[in-house]
Amino acid sequence: MERSVVYAIGGNALSSPSGQNLEESSLVLAKVMSDVIDLLEAGWKVILTHGNGPQVGHLMSLDNSQPMDDWVAATQGMIGHSLSINLDSILRKRARPEATAVVLTRVEVDKTDSAFEFPTKPVGPVLSDRQVMSEDWDIAETVNGPRRVVASPLPVSILDIDVIRSLIERNAIVICCGGGGIPVVRNGHTLVGIPAVIDKDRLSSLLAIELGVDALIISTAIDSIKSGFGTERELSHSLLTVRDAKKYLENGEFPAGSMGPKVSSLIEFAEHRSDVKSVLCQPGEALKALRGDGGTTISLHDDENDE
């Protein structure tokens, strides 16, 4: 029976528009492409999501007058195009039947979400003194200087889910939900784009649940989930139960700005159905991780010994 997987590509896999770290980004992206082909050849249907932080930040530094949701839409197209042509070239060389499809994805959020009361997500470049004084934005001091901050609300629904589902049924590798989706709210019967950032991993989990896929893979620079990260008590986990992962979260082991949303997203997916694979791994190790030979699996049940 055919299986399907949502594969979330970390921002480090995507070259920044300014060309910084191009060689390193190209290597990571090649590993991601290898993962996709390995999954296809193992009989998986693949749906790709991706980050867009560096790209949006770069565009906002060039023009801060454009609404932020427009820049999210623009980077979905830019990154989707790049991923698509890379994958299509490999698919043709391998004589595989799949084709790619890029879906500009809008995501509804709740305009009463508490995140809008306390915006905390830095976006765009460090601001000049003039911008700090003149712009009508929420601004916070970061380690690099003052930056604009926006809300990071939870996704409520993926408005283009039926389009994504129909493309999957037509044997497409769908690239969607880029950068956490284009955030919109409802004003009566009207949809309105808003300045906000939806966490890409949170949305990937929601996508995986709504599509009813068999696995969620979050690809990141870290080879596994670690407790005590960067300390003498650092411990890598090949398997975590939902119960233990929640305990680590509650104890502050996984910071909100890095591993926290990834672990929360994997927990959310693992809790939805007992027979799914909920996995974090490095690019290039997707198939190994699904087999339990790499990365970290979060499971409802303690079926294996945690190493």
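Please treat every number below as a calculation from the coordinates, not as lab data. Everything numeric in this text was worked out from a predicted model, so none of it was measured. For neighbour counting, all protein chains shown are included, and Cβ atoms are generated from backbone atoms with ideal geometry for every residue, glycine included.
Summary table
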quantity	calculated
Fewest-first ranking of Val126, Val5, Val143, using other Cβ atoms within 10 Å as the exposure measure	Val143, Val126, Val5
Dipole magnitude of the stretch 55-178 about its Cα centre (Cβ charges: Lys, Arg +1; Asp, Glu -1), debye to nearest 20	800
Mean-position separation - Cα centroids, the stretch 124-196 and the stretch 60-87, in angstrom	11
Which listed pairs, of Lys31/Lys121; Lys31/Lys247; Lys31/Lys246; Lys31/Lys226, have C-alpha distances above 26 Å, in listed order	Lys31/Lys121; Lys31/Lys247; Lys31/Lys246
Dipole magnitude of the chain about its Cα centre (Cβ charges: Lys, Arg +1; Asp, Glu -1), debye to nearest 20	640
Loop chymotrypsin sites (Phe, Trp or Tyr not before Pro), the stretch 204-307, which have at most 16 other Cβ atoms in a 10 Å radius of their Cβ (DSSP)	Phe229
Positive-pole candidate from Pro97, Ser152, Ser134, dipole of the stretch 94-161, charges at beta carbon	Pro97
Positive dipole terminus of the stretch 160-279, leading residue within Ile164, Val184, Leu216 (C-beta point charges)	Val184
Ranked packing of 164-173, 286-295, 147-156, 131-140, most packed first, by mean Cβ within 10 Å	147-156, 286-295, 164-173, 131-140
Cα-derived Rg over Rh, computed across the stretch 50-136 with Rh taken as Kirkwood radius	1.11
Normalised contact order of the chain, rounded percent, pairs of Cα under 8 Å and 6 or more residues apart	20
Sites Ala256 and Asp129 - FRET efficiency at Förster radius 35 Å, r taken between beta-carbons, to 0.05	0.75
Helix-only [θ]222 nm of the chain, DSSP H runs n ≥ 4, -39500 (n - 2.57) each, per residue, nearest 500	-11500 deg cm²/dmol
Distance-filtered residues of the stretch 166-210 - backbone nitrogen under 11 Å, label point 7 angstrom along Lys111 Cα→Cβ	185-194
